[in-house]
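Only one structure is covered here, and it is reproduced in the block below.
The values are calculated or read from the model by the stated rules, or taken from the named source; none is laboratory data. Everything quoted here is computed from the prediction, not taken from an experiment. Please note: Cβ atoms are built from the backbone with ideal geometry, for glycine as well, and neighbour counts cover all protein chains shown. When the accessible area is computed, the model is the full protein with side chains, heavy atoms only, and any ligands, DNA or RNA have been set aside. Shrake-Rupley method; radii C 1.70, N 1.55, O 1.52, S 1.80 Å.
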Amino acid sequence: MTIAIASDHGGLDLKKVIIKYLDKSDIKYKDLGTFSAASVDYPDIAIPCAEAVAQGEFEKGIIICGTGIGVSIAANKVKGIRAALCHDTFSAKMSRQHNNANILTMGGRVIGPSLATEIVGEWLNSDFEGDRHQRRLGKIADYENNSN
Ligand code: RB5
């Protein structure tokens with residue numbers, strides 16, 4: 001499994017922490033930027049990362065901005081993306097088990113490094129439960145495929 005990871009300037013420091021965790025855990029990833037503290041527009045970061053996940057280049061993605069909100073809104077505009085903004089481990093687990101989230105978003109200005117790392121661990125180690133949850137996701141996909 002290779003993870004795509006990306007952040008804007010507001011999420012850069014937290015992204016570095018998560019990258020250290022991925023390295024330590026032997027989890028393959030590709031850092032899609034940003035690579036400096038210079039201000040960037042979060043859609044320019046979130047959309048390419050979400051597209052890469054939607055196209056199957058990566059199984060999952062992690063995107064971080066200041067609040068996690070902007071990148072979540074942007075990523076969820078990409079067809080096939082189910083981005084979940086999680087700032088607690090329970091939501092992270094549920095977003096995988098019930099929502100089959102393929103992108104995790106977090107806010108680098110909202111949570112600290114220890115909690116964020118636990119969230120990533122929980123998210124990566126939780127699996128989709130299918131069944132009734134698949135039916136519900138199917139309804140979202142139907143809407144997505146049939147709306148303009
Ligand atoms: C950038 O200042 C900030 O707006 C961005 O990181 C994010 O929080 C947007 O939702």
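Which condition breaks for LYS79 when tested against (1) more than 16 Å from the ligand (Cβ to nearest atom); (2) open to solvent by 60 Å² or more (accessible area, probe 1.4 Å); (3) over 26 Å from HIS98 (Cα atoms); (4) touching a helix residue (DSSP H, G or I) at 6+ places or on another chain (Cβ under 7 Å)?
Status for LYS79: all satisfied but (3).
Any idea which residue in the range 31-46 is farthest from the ligand (Cβ to nearest atom), counting only those that are under 20 Å from LEU85 (Cα atoms) and surrounded by fewer than 18 Cβ atoms within 10 Å (Cβ to Cβ)?
Result: ASP31.
Any chance the range 16-26 includes a residue that's closer than 15 Å to GLY107 by Cα, open to solvent by 80 Å² or more (accessible area, probe 1.4 Å), within 16 Å of the ligand (Cβ to nearest atom) and touching a helix residue (DSSP H, G or I) at 6+ places or on another chain (Cβ under 6 Å)?
No.
Looking at the range 133-148, which of the residues that are charged (D, E, K, R) and open to solvent by less than 100 Å² (accessible area, probe 1.4 Å) is farthest from the chain's Cα centre (by Cα)?
Ranking the qualifying residues of the range 133-148, first place goes to ASP142.
List the number of the failed condition for ASP8; all other conditions in (1) within 15 Å of the ligand (Cβ to nearest atom); (2) of a type in the set (Asp, Glu); (3) within 14 Å of GLY121 (Cα to Cα) hold.
(3)
Being away from the ligand (no atom under 16 Å from the Cβ) and under 21 Å from ALA4 (Cβ atoms), is that true of even one residue in the range 67-76?
Taking the range 67-76 as the starting set, the residues that turn out to be away from the ligand (no atom under 16 Å from the Cβ) are none.
No: the range 67-76 contains no residue that is away from the ligand (no atom under 16 Å from the Cβ) and under 21 Å from ALA4 (Cβ atoms).
Anything in the range 105-123 that is among the hydrophobic types (A, V, I, L, M, F, W, C) and either away from the ligand (no atom under 15 Å from the Cβ) or open to solvent by 10 Å² or more (accessible area, probe 1.4 Å) (or both)? List them, or say none.
Across the range 105-123, the qualifying residues are VAL110, ILE111, LEU115, ILE119, VAL120, TRP123.
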